[in-house]
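Asker: Quick one: structure below, then a few questions.
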Amino acid sequence: MRAAVLHGVGKIVLEERPRPEPGPREVLVQVASVGTCGSDVHYYEHGRIGDFVVESPLVLGHEPSGTVVAVGSDVTRHKPGQRVSLEPGVPDFTCAQCRAGRYNLCPRMRFFGTPPIDGAFCEYVTLHEEFAHPVPDSLSDDAAALIEPLSVGVWACRKARVEPGTRVLVTGAGPVGLLCMQAALAFGATDVMITDVNAARLRLASELGASETLDVRENSLSDAGFEPDVLLECSGQPAAIGEAIRAVGRAGRVVLVGMGGDEIPLPLAHVQTRELEVTGTFRYANTWPQAIALAASERVRLDALVTGHHGLDDVEHALRAGSRHPEVVKAVVRPME
Ligand SMILES: [Zn+2]
């Protein structure tokens, strides 16, 4: 099979590799669509994210969908022909975090496209059957792939306890911000403001249901007079985070979703006197069925985020597209095309 392999900073090579064989509880999936993510771009441009360092050739891509084409000897959930959205991290199932139900925090997680585990910018992958989630035919291949970033939004909304009537501020209108926004609306949030510096993304946010958009190059958040119950921080911009936290109302919840900057200035007096909760999120746990249901019922629109398709020989373009063209939201790689 063909695979697009990262061989060092800024260098991806199309290689021929043996097609993987499914283990006893694994399915073999022919990959249909793979979303590109900011973390793929970061590995491509810098060769590392924090403690995760690319030390040997690596296949990126962790937002895949596809079709089951073969199953291992002990597989019971799937038959060949089943279309699936792949949850791209398999934990060890036995550690204290897994046993507590927090498998996203498993220290032995094997996650696609994260060193040293290969991802899905290739024609076939294998995965534990429980992490290949069936999707209805009404869901496109691209939408089935974008269940992964939608899961980030669903998890953030659960952490923030978004419920009917919650007022939500989303900072950053990239793919994750737009999906946090849509998830919040689907959870019943009534006033959802989203901020960015990119007019095209803010227009898309409006089309997707934002109550209000704010271009923070033109207007400051503090002048907007919006006091949310929940802040879903998706910009990863340290300078902007403090101002956003200052907007949050009493007993509000702040969920830090965006990555960027190891340290941020925290308006501590505001956090203390208003009893704000500030928490991080790391990926997700048990989100796929809910995310698939939200997409299938069109409470959340995923295809609207897709701005371009690329073949396996064009992965570098897919990864560079976002920084070169401000209108790009989500570039999708389609390995079989
Ligand atoms: Zn574990």
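To keep it simple, each residue is scored yes or no on (1) of a type in the set (S, T, N, Q); (2) surrounded by fewer than 17 Cβ atoms within 10 Å (Cβ to Cβ); (3) in a loop (DSSP other than H, G, I, E, B).
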| position | (1), (2), (3) |
| --- | --- |
| Ala293 | no, yes, no |
| Glu298 | no, yes, yes |
| Ala304 | no, yes, no |
| Gly308 | no, no, no |
| Val315 | no, no, no |
| Arg320 | no, no, no |
| Glu327 | no, yes, yes |
| Val332 | no, no, no |
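Asker: I would also like to ask the following. Being part of a loop (DSSP other than H, G, I, E, B) and within 16 Å of Trp155 (Cα to Cα) is the filter; apply it to region 96-105 and report the residue that is nearest to the ligand (Cβ to nearest atom).
Answerer: Arg102
Asker: Same structure again: Can you run down the residue pairs with Cβ atoms below 7 Å, 6 or more apart or on separate chains, where the first is in region 131-143 and among the small types (Gly, Ala, Ser) and the partner is in a loop (DSSP other than H, G, I, E, B)?
Answerer: These pairs meet every condition: Ala132/His78; Ala143/Leu302.
Asker: Tell me the residue from Asp229, Asp215, Asp142, Asp191 that is surrounded by fewer than 24 Cβ atoms within 10 Å (Cβ to Cβ), at pLDDT 95 or above and either of a type in the set (S, T, N, Q) or closer than 30 Å to Pro335 by Cβ (or both), please.
Answerer: After ruling out the rest, the residue left standing is Asp142.
Asker: Step by step: first the residues of region 267-289, then only those that are over 15 Å from the mean Cα position of the chain (by Cα) and surrounded by 14 or more Cβ atoms within 10 Å (Cβ to Cβ), then the one that is nearest to Val329 (Cα to Cα). Which residue is that?
Answerer: Among residues in region 267-289 that are over 15 Å from the mean Cα position of the chain (by Cα) and surrounded by 14 or more Cβ atoms within 10 Å (Cβ to Cβ), the one nearest to Val329 (Cα to Cα) is Val278.
Asker: Would you mind stating whether Val125 is away from the ligand (no atom under 16 Å from the Cβ), under 17 Å from the mean Cα position of the chain (by Cα), at pLDDT 95 or above and not in a loop (DSSP other than H, G, I, E, B)?
Answerer: When the stated conditions are applied, Val125 does not pass them.
Asker: Hey, another quick one. Going through Glu148, Glu130 one at a time, which residue ends up being under 20 Å from Leu302 (Cα atoms), not in a loop (DSSP other than H, G, I, E, B) and not hydrophobic (A, V, I, L, M, F, W, C)?
Answerer: When all the criteria are applied, what remains is Glu148.
Asker: Further question on the same structure: Given (1) open to solvent by less than 50 Å² (accessible area, probe 1.4 Å); (2) outside any helix (DSSP H, G or I), where does Ile264 come up short, assuming only one miss?
Answerer: So the condition that Ile264 fails would be (1).
Asker: Filtering region 79-93 down to residues that are open to solvent by 10 Å² or more (accessible area, probe 1.4 Å) and away from the ligand (no atom under 16 Å from the Cβ), which residue is nearest to Pro335 (Cα to Cα)?
Answerer: Arg83
Asker: Among (1) free of Cβ contacts under 8 Å to residues at least 12 places away in the same chain; (2) surrounded by fewer than 15 Cβ atoms within 10 Å (Cβ to Cβ); (3) within 16 Å of the ligand (Cβ to nearest atom), where does Arg108 come up short?
Answerer: Of everything listed in (1) free of Cβ contacts under 8 Å to residues at least 12 places away in the same chain; (2) surrounded by fewer than 15 Cβ atoms within 10 Å (Cβ to Cβ); (3) within 16 Å of the ligand (Cβ to nearest atom), Arg108 misses just condition (1).
The values are calculated or read from the model by the stated rules, or taken from the named source; none is laboratory data. Please read all numbers here as calculations on a predicted model, not as lab measurements. Cβ sites come from the backbone with ideal geometry, for glycine too, and all protein chains shown count toward neighbours. Side chains included, ligands, DNA and RNA excluded: accessible areas come from the protein's heavy atoms. Shrake-Rupley method; radii C 1.70, N 1.55, O 1.52, S 1.80 Å.
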